[in-house]
Amino acid sequence: MENAIQEQADRLVEDAARKAEQLAEDARRKADRLKEEARVRAQRLMDKANEKVAQGKEKIAEGKKEIVRAGKTTTEKFFSSAVIAMVSVFGIKFLHNEYAIWSHNKETTAALDSAIKKEENKGHNLSYLLAEYNQFSNMIEEATDGAGTDTQVIDEVFGKMENNADILQLIKSYGKRPNTWFGISIGKYTLNQLLISELSHSERTRLNAILQKKGITIIF
């Protein structure tokens with residue numbers, strides 16, 4: 001009798017040990033998967049940045065050739081042209097972002113809460129936990145930080161949105177976050193303002209098409 005009880009106890013201990021080992025292995029695999037996804041996202045952002053740098057070098061080289069052809073070969077004249085070009089680019093970017101801030105300033109917390117409530121009354125409940133919308137917002141912020149924009153990540157996030165309530169909660173969770181361009185702060189942006197600043201018209205059209213296929217009526 002004692003032997004049977006001991007054997008049963010040993011089996012229970014072995015089962016518990018196997019389950020613990022399996023859980024630990026699952027956790028390790030999940031951690032490895034998350035690390036790989038983060039590495040891939042970081043690599044995509046680095047590739048985008050390198051592409052922008054290469055394009056910038058090409059434009060500078062072309063500009064220098066034009067200056068040489070025009071007979072303006074002095075260093076002073078070349079750098080004067082470069083400074084004028086940079087001022088023009090920054091000016092265009094600044095005006096574009098100011099327009100985004102001026103024309104999209106309606107995302108107050110109270111208004112969003114009210115809109116989400118109306119959607120829930122229609123049966124359009126949130127598809128995720130509130131913390132997950134914050135994670136989605138962080139992904140968007142990382143995808144638009146620095147040089148270049150990882151549109152693949154943005155499409156991935158919005159592809160997870162199932163209804164208007166999800167979009168409204170994502171806008172609320174994003175709130176207003178700092179936005180920089182080449183290390184220069186250009187203010188705090190809402191999600192609407194960020195997408196207008198970072199995406200081209202064709203990219204926003206593609207994004208809106210993804211949402212409209214799901215019956216989502218909120219567009220960017």
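The values are calculated or read from the model by the stated rules, or taken from the named source; none is laboratory data. This is a predicted model, so every value here is computed, not measured. Glycine gets a Cβ as well: all are built from the backbone with ideal geometry, and neighbour counts include every protein chain shown.
For this structure, a couple of remarks:
- Restricted to helices (runs of 4 or more DSSP H) entirely inside the range 54-159, those with at least 1 residues that are at pLDDT below 50 and either surrounded by 10 or more Cβ atoms within 10 Å (Cβ to Cβ) or touching a Cys at 6+ places or on another chain (Cβ under 7 Å) (or both) are 75-103.
- Some residue of the range 183-202 being part of a helix (DSSP H, G or I) and surrounded by fewer than 18 Cβ atoms within 10 Å (Cβ to Cβ): yes
- Yes/no for LEU170 being assigned to a helix (DSSP H, G or I), out of contact with any strand residue (DSSP E or B) (no Cβ under 9 Å at 6 or more places or on another chain) and under 27 Å from ARG39 (Cα atoms): yes
For (1) at pLDDT below 75; (2) within 25 Å of GLY148 (Cα to Cα); (3) among the polar types (S, T, N, Q); (4) within 30 Å of the chain's Cα centre (by Cα), each residue gets a yes or a no:
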position	(1), (2), (3), (4)
ARG11	no, no, no, no
GLU14	no, no, no, no
LEU23	yes, no, no, no
VAL40	yes, yes, no, yes
ARG44	yes, yes, no, yes
ASP47	yes, yes, no, yes
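- Some residue of the range 160-177 being surrounded by 20 or more Cβ atoms within 10 Å (Cβ to Cβ) and under 21 Å from GLU51 (Cβ atoms): no
- Filter result for the condition that a residue is outside the structural domain of GLY123 (by TED's automatic domain parsing) and not hydroxyl-bearing (Ser, Thr, Tyr), over PHE220, PHE158: PHE220
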